[in-house]
Amino acid sequence: MRVEQLGEGEPEVAVVGGIHGDEPCGVRAVEAVLDARPAVERPVKLVVANEAAAAAGQRYLDVDLNRSFPGDPDGEGHEHRLAYDLLAELRGCTTLSMHSTQSYAGPFAIFEGVGPLARAACPHLTLDAVVDASAFTEGRLIAHHPETVEVECGRQGSPGAARNALRLVGEFLAAAGARPADGGWLDANRALAGDSSTGGSDARGPSDGTASTEDFEPPTSTECATTPSERPPAAKPPAAKPPAAEPPEGRGARPSDPNPTGTRSGGTPETGESTPTAAAGGGSAARGSSEEGVPVYRLVHAIPKPAATTYEVFVENFTRVATGEAFAAVDGEPLRAEEPFYPVLLSPYGYETVFGYAAEGAGRLDGR
Ligand SMILES: [Zn+2]
């Protein structure tokens, strides 16, 4: 684990990359900040978490670090000990933790419950969505260090994810008062230019290893009563079964239709990158949408993936899937939604045993 600092004093703000060794975006962002050493108004801790896994070009060495919190100083696995050490480093620090995904190019945040930190931080961050992953956080940093803003920065290994990561660091530091909100921020093209040294390729495919490569691996059968006994039998194509109703949460949230048009903010569909204005560190998030705030989705259940040779996904994440719509296929056999749902972290090969998650709309985070 590499731990560095900007500014003097005991940091109460931290930025973490490389919890997963095969997700270079956060590492590149941290390294770019360390190279540029921008002036800060509060001390900031900068961490590259799983250096050993990154050096090996692997997600982890022994076990998934983001399934291993709170960790164990005497644990057998590298990541068991690292989880313990990382938690100790982050104690007292409001933290940004950066990941990337196979499922979606734009940036989104993941919390265990949408609490005060989510409401305070998200309005300052350029995000397409906020995901409440409350039912799926066992062993994850967000469960054991709730002062964490976890972000998925884009597609694993892509230049866009690295640029999004660097921009999110700037926005997060501004939100935390560690740098002026109206000050300039690192130019991503310059700061990230020519840096391909941190591992990962730009196009990781389905055959890049045996381990799942997504960040919210489904619980095993011993951990969660909802799987797999409630899954449809493998012989029959499974279908999503979100709850019939989408009750509004508190705080006046509107149920459903968080993003019915599929428009998303501040980026192009291909790259998920934000606009140059946002990349330059403008204070306001470039959501580019007429809607207020950022849509919130609550994970409801995993969408199982029976053993097969080929998998396809036909739908966009965060875009509502209608009843009867074919959202995926297993060996060419389409899976149709039994009820409407929002796909989250859905991809053909990101997970071993599930396509991803079905979510319900949970309103919007207005924040300001
Ligand atoms: Zn990750």
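Every read-out reported here was derived from the displayed coordinates using simple, explicitly stated rules and does not represent laboratory data. Please read these numbers as outputs of a predicted model, since none were measured by experiment. Heads up, the Cβs are rebuilt from the backbone with ideal geometry, glycines too, and the neighbour counts pull from every protein chain shown.
List of remarks:
- Those GluC sites (Glu not before Pro) in region 22-114 that DSSP places in a loop and that have at most 15 other beta carbons within 10 Å: GLU41, GLU76
- Remark: PHE108, PHE69, PHE341 ranked as PHE69, PHE108, PHE341, counting other beta-carbon atoms within 10 Å and listing the fewest first.
- Theoretical gain in end-to-end length, GLU138 to ALA308 [0.36 nm per residue, Cα-Cα removed]: 58.4 nm
- Normalised contact order of region 1-103, rounded percent, pairs of Cα under 8 Å and 6 or more residues apart: 35
- Efficiency of FRET between ALA39 and MET1 - r from beta-carbon atoms, R0 35 angstrom, step 0.05: 0.85
- Annotation for ASP72 and GLU338: the two label points, set 7 Å from Cα along the Cα-Cβ direction, are 3.8 nm apart.
- Estimated from the Cβ-Cβ distance and a Förster radius of 25 angstrom, the FRET efficiency linking LEU61 and ARG91 is about 0.55.
- Length released on extending from ASN189 to GLU51, taking residue separation times 0.36 nm less the Cα-Cα span: 47.3 nm
- Between THR323 and GLU292, the contour length at 0.36 nm per residue exceeds the Cα-Cα span by 8.5 nm.
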